[in-house]
Structure formats: structure tokens, C-alpha cells
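Each reported figure results from applying straightforward, stated rules to the coordinates on display, with no laboratory input. It should be emphasised that the depicted structure is a prediction, and the values quoted were computed from it without experimental measurement. Here the Cβ positions follow ideal geometry from the backbone for every residue, glycine too, while neighbour counts run over all protein chains shown.
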Amino acid sequence: MKRLLAALALLLCASASAATDAAAVLGAMRAEMKRAQDSLVAPDGTRPYYLAVRFAVRDAVSLGARRGLALPARRASDPALLVEIRVGSPELDDSRFEGTATEGFPFALPVSAEGDSLLLRRAVWAMFDDAFRQAVRNLAEKRAWLKSHPRSRPPGPDFVLPERHSLVDTLPPLEVDTAKWTAALVEASRFAESRPFLVEAPVALEISSTRRYAVDSRGSFSVTDERRALALGALLVQADDGTPLWDYWRDMGLSPDEIDFAGAGKLLAERADALDRLRGLPQEEPYRGPVLLSGDAAGAFVWSALGSALFGGEREMQLGDGAGPRHLVSALGRRLLPRGFALYDLPALSSFDGKSAPGRNLVDHEGNLSRDVAILDDGMLRELPTGQQPVSGQAAVNGHWRHGGPFPSTLVLSCPDERVRKGISAEFAKAVAAEGIPHGYEIERFEDPEASMLLRSPLADEIRGRVVFSDVDVIRLPVPTAMFRVDANGVRTPARPLQPSSQTAASYREWALCGAEHVLHTMWEGASVVAPSILHAYMQMLPQTLQGAEPVLLRN
């Protein structure tokens, strides 16, 4: 396990990260890294062979409105400091071993969001000192464990020394007109005033900008900016049987100017009225058969079934008594999808069809240059996204370390047989008839964890913050929030959501057809998916397991 220790910043400054003196920050980081490299030595003579410092400051403005009333604006400026230190050699070092639990940093350190040189240097030195002590201990434990488990270690080195590089990819400061965007949210939320059946109907906008600094002992450095404007609206109602039903609106861009606030209120009103019509409907019966995944649901399906599942190779390289099986690593070179399917991760893609791709990044969170990766080619698993640590059976590393592990940038799915919607609907009708069932289902939207966090009512306790679990063996898709029964004639009837059951790796082969039109879907944590606007698949679905509630509504 990498010895990356974060210092919680207790003293935060309100100034924007864009105003930080980049030269001063990089100079302070380099100075303490050099001091650690020269002075840290264990009693047995062990010294670090690689060091790195990463400093980031995230500035965010959060705005909101409910039923035509503005909520107070909130601002935050959050610095985060990480150090990495490695002992041993690239072939065998202290990482990738689950021995004695890594100790948390023993005390909180003040780190200024302005990058104050003195505070930053003190924090970096203290963290390097502590990280070195733990790295030396971990390497000793790892060597002892390997003596009694000589065949447990996969082939290949623990680390690949990165090539030296320098990159500055910054954006001009973003001036946030809070009055303008608050007024837009207030207007978008007015639809709820005439709909008393809504338990909650909040809308929100978060505008965030993160500046990242990275230096390492190889002489590399980078200064990069990330930016995101995320607009959300959540709708909560209570069905006649007491269970909660909800839906949402989501839009994302690099700035709030890219978000369609003018159409948000109308769209939320339409989805609220659709929820109202669902309240008196009975639960659907369990179902197994053909489904259509359209719109946002198609992108979420690709993300859950492939994106998050194929980014776990680094975790599988861990050693120790608690290490798990290496499903992904062993699947390299094997077929996961039918012939003709391809999946790429393209970190440099800035937009698609006129819409900004928030997953764009030229440097990952380890400060290394990101490159395109062909994850699946002709259905075969060819390469796994990684950071600086290679995966067994794969020679190269590719700069995809984000948010604490390998993470997608912009996934692009290519299918072998892509058809227009009319053709897919015809094949779907044939599949329904072949199953001998009166109807199939079309899913338009799956749950969005970020939108669910806007809800405050106790009625939403089982919905709020529910996350997706995925790995290569089991895929649990999120619960749909908008779905329809579709008969053989293509007639759509609204239906109460069902929960898709767990899928296995073999279920990937149950994809039938992809739509010819591709759409950019914005996902969580600033990632993107370019996927067909409609997919024809087979799926097993079960009624939701949400607990019923007393039919007493708590309105905000």
C-alpha cells in the first residue's frame, strides 16, 4: 500500500487557488523533498529511492433554492497535502502489502489554501518523516511475509520510475456571479409551489475549481486546473403504500454558462407530474427478459457494468493475508464482450458533440502524464488503467490514478452492430414476443447518488447517498428512477421502478444491440462516458426493497 498520508488543514484561507503563487508553492515542495531525500536514513542504512509531493486546493461555491426561495450560499476552500516516499527498489519496495495497519497522521497540521511557504514546508517535512518510518517498517514486514509465502507474489516490479516531464495546464480565474445563478435556481424551483404532493423539490448548483501541484525526486513537476459546474434537482414523493419514489435532474459543464437553467424548471415539472401518476400504481412483478436502456440509463449501465468494474487491477496486486483473488489481472487477454466491442479511456478528450467532457485531464492525481488506453479491443481485455504501479502481465503504466486509485476519465464504447432507434425497437419487440410475455421494460434513468444527497426528509433515508458496487464478478446496477412497460407494438406505459438483480461477468454477453447515435453522459467525480443513446439488453429485475413508511408527509 502506498504511504500517502493526508494532513487535515485546520487553518483555511478564503482566497482562490488561482491566486496562489505557483513558483513559491513548487519551491517549498521541492526544498522539503530534497531535505527528506538527503537526510532520511534508517539505522540499517535504508534510504528512500523515490519521493513525491502533491498539493491541491479545491475552491467551491454552493448555491440552492427550494420552492422559489433562495438558500444561503456556501463557500469552501479546502487544501489537501499528500506525500509519497518509497524504500527498497522499484523491483521490490514497501508498497502493495497489507501488513500492520497504516497509522493515521498523529496530529493535524495547518496548511494554508494560499500555499503559505512556511506552513507548507513544515507540513511536508513532518509528513515525510512519519511516512519514512512507516515505509521502512512495511518493507521489513513484507520481506518477512514473502519468505513464508514465496509463490504469492505476482511477476513484475512494484513500481515504474516515471519519465521526467513538466506541464502547466491552467485556466483563467473563474468569477462566480452568485446573484445571477441564485436567481436562475430560484426560477427553476418555482414549479414546486403548485405541486403540494411533492415532499421535497430542492435544486442546487456547485461550482468548483481545483488547482493541483506535483513534484517528484525525478525532477518532474506539474501545475494543473480542474473545473466543474454541477446542477442538480431532486424530487421526492410518497406512494399510496407509503414507500418513497423519487426522480431528479442533472446537468454538468465546465462553467454554469453551459447549463440549461431555462429548461430545468419545465423538465422538473414534467418529471414531478410523472411521479404523481406513479403514486397510486402497484409494484411491478419480478421480471427477467429484454430491456431497453435509453438516455442517461445507457451511460450509467456502461459505467457500472464496465467502467467501475475494469479499474480495480491495482487493488488485486496487494499482498498479505487479507489479499483477495486476481480476477481482473487473470482476465487480461481474455474475451469479456462479444467480438467487435471496444472500450477506450481518452483523458485528453475535451468535448463531444459540442458538450464539454468533465473527465478531461492531461495529468493524473499522481502528477504523471495521462495517455489513451484501449481497455477492450474486439471484446478482449487488452490493458488495465493504472497509476505508477504496474499490473502483472502488463508492461506499461498509463497515468490513470485519480481520487485514490485507477479511475476513468472519458470512457468511449464502440459496438459492432449499431442501429437506429427504430431498428432496435423492432428487434426488442421480437425479443418480447419470443419470450412469450406481454411486455418488456425501458429504463430512462438510474439513481444518481449526488442528486439524492439533496434530500433531507426521513422518507429518503434509504435512498440518500446509496452507491453502486461493482467488480468483475458481480455488477449491481443502481435502482431505476424512471422506467416504462413497453408492449410488442411499442406502446409505453409508466411503471413503478424495479431493482435490477446482480449480474455476472457472463451477463456482458447478453447485450443484444447498440444504438447508432452516441451521447456524452456526465458521471460522478468529474468523469464522462460516450455511449450509445440506447442499448438493447436482457436483465433480471426485482421489486425495490425499500421499507414502507407511515403515510404522513413531511414537507419542506
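Only helices enter the 222 nm calculation for the chain: every DSSP H run of n ≥ 4 contributes -39,500 (n - 2.57), and dividing by all residues gives -6500 deg cm²/dmol, rounded to 500. Ignoring aspartates and glutamates fewer than eight residues from Lys142 along the same chain, the ones with Cα atoms less than 17 angstrom from its Cα are Asp44, Glu91, Asp93, Asp94, Glu98, Glu103, Asp158, Glu316, Asp321. Spatially, the stretch 382-419 and the stretch 30-85 are offset by 25 Å when compared through their Cα centroids.
The lysines within cross-link reach of Lys355, meaning a Cα-to-Cα straight distance under 25 Å and a gap of 8 or more places when in the same chain, are Lys180, Lys266.
Distance between the 7 Å Cα→Cβ label points at Lys147 and Ala22: 5.0 nm. Taking 0.36 nm per residue of separation and subtracting the Cα-Cα distance, full extension of the segment from Leu362 to Ala488 would add 40.6 nm. Listed from fewest to most Cβ neighbours within 10 Å, the set Ile207, Ile437, Ile85 follows the order Ile437, Ile207, Ile85. Annotation: lysines with alpha-carbon distance below 25 angstrom to Lys422 (same-chain offsets under eight excluded): Lys430. Taking label positions 7 Å along the Cα-Cβ direction at both Arg74 and Asp169, the computed distance is 3.0 nm, reported to one decimal. For the stretch 223-237, 3J(HN,Hα) computed residue by residue from phi via the Karplus equation (6.51, -1.76, 1.60; θ = phi - 60°) reads 9, 9, 10, 10, 9, 7, 10, 10, 10, 9, x, 10, 10, 10, 10 Hz, glycine and proline entered as x. Normalised by the number of residues in the stretch 222-340, the average gap of Cα pairs under 8 Å and 6 or more apart makes the relative contact order 17 percent. Counting neighbouring beta carbons within 10 Å and listing from fewest to most, the residues Ser189, Ser330, Ser217 come out as Ser330, Ser217, Ser189. Applying 1/(1 + (r/R0)^6) with R0 = 30 Å to the Cβ-Cβ distance of Glu193 and Arg421 gives a FRET efficiency near 0.25.
In order along the stretch 317-325, the phi-based Karplus estimate (6.51 cos²θ - 1.76 cosθ + 1.60, θ = phi - 60°) of 3J(HN,Hα) comes to 8, 5, 10, x, 5, x, 5, x, x Hz; Gly and Pro are listed as x. Remark: spin-label model distance Glu258-Ala516 equals 2.8 nm, labels positioned 7 Å along the Cα→Cβ axis. Largest first, the extents of the alpha carbon coordinates of the stretch 304-414 on the three principal axes equal 49, 35, 24 Å. Centre-to-centre separation between the Cα atoms of the stretch 514-539 and those of the stretch 214-264: 17 Å. Distance from the alpha carbon centroid of the stretch 193-210 to that of the stretch 284-327 works out to 30 angstrom. Amide H to amide H distances under 5 Å link Ser528 with Gly359, Thr410, Leu411, Met523, where only residues 5 or more positions off or on other chains count and H is placed in the peptide plane.
Taking θ as phi - 60°, what are the ³J(HN,Hα) couplings along the stretch 358-372 by the Karplus curve (6.51, -1.76, 1.60), each to the nearest whole Hz, with x for Gly and Pro? After applying 6.51 cos²θ - 1.76 cosθ + 1.60, I find x, x, 4, 7, 8, 9, 7, 6, 8, x, 9, 5, 8, 10, 5 Hz. Annotation: amide H of Asp93 within the under-5 Å range of Asp158, sequence separation 5 or more or interchain, hydrogens built in the peptide plane. Each DSSP beta bridge with both residues in the chain is either parallel or antiparallel, and the antiparallel ones are about 90%. Placing a label point 7 Å from the Cα of Ala396 along the Cα-to-Cβ line, no residue of the stretch 180-223 has its backbone N under 17 Å from it. Recomputing mean projected area of the Cα convex hull in nm² from the coordinates shown identifies the correct label among (1) 23.6; (2) 42.0; (3) 26.1 as (3). Listing Met317, Met380 from fewest to most neighbouring C-beta atoms within 10 Å gives Met380, Met317. Remark on Gly88: its backbone amide H falls under 5 Å from those of Arg47, Tyr49, a criterion applied only to residues 5 or more positions apart or on other chains, H modelled at 1.01 Å from N. Note: the stretch 5-233, Cα convex hull, 173 Å³ per residue. Normalised by the number of residues in the chain, the mean separation of alpha-carbon contacts (under 8 Å, six or more apart) gives a relative contact order of 15 percent.
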